[in-house]
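The values are calculated or read from the model by the stated rules, or taken from the named source; none is laboratory data. What you see is a predicted model, and the numbers here were worked out from it, not measured in a lab. All Cβ positions, even for glycine, are placed from backbone atoms using ideal geometry, and neighbour counts span all protein chains on display.
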Amino acid sequence: MIRLGLVLGALLAMPAHAAETGTALKADAIKAEPFRDAKTVATLAAGDKVEIVKKNGGWLQVKSAKGNGWVRMLSVRKGEARKATGDAAGLLGMASGRAGTGKVVATTGIRGLNEEELKSAQFNEAELKRAESYATGKPEAQKFAAQGRLAARQFDYLPAPE
């Protein structure tokens, strides 16, 4: 009975769920929903602290002093912000060949395979060669376009997201 009381007391003393924290890497809009065209409810500035509530694809649901909502995953670094190193340190690292030594690189994968599929994936040389066989050069592409009476068009870059 005493043991049960001690265990229950220890469990109650523990935090219910330690939320993950993060820091805004750049200024970005906090959206009402995890969509680029969703209503903007607030704006994060670079360096703002956030509490990460949930992940949905390439979006993180966050709580911050400026508001709650959804921010693009690439705009937030999980954990504490790192102290920026000077340009000289970066140049010295490049010159010495030690630029990446001991550094952690974060990448983000959003579309495609889930975690289980990635873990069970196996290299398939035949499929790789098949995919590479679909590649074509610029002259072949231009010839194909001419045969289909396609005209070249110039497009401007899309505007930066809000």
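Within segment 19-59, track down each residue that is touching a strand residue (DSSP E or B) at 6+ places or on another chain (Cβ under 8 Å) and basic (Lys, Arg).
LYS31, LYS39, LYS49, LYS54, LYS55
When only residues in segment 30-89 that are of a type in the set (Val, Ile, Thr) and either closer than 19 Å to ALA19 by Cβ or within 14 Å of the chain's Cα centre (by Cα) (or both) count, which is modelled with the lowest pLDDT?
VAL76
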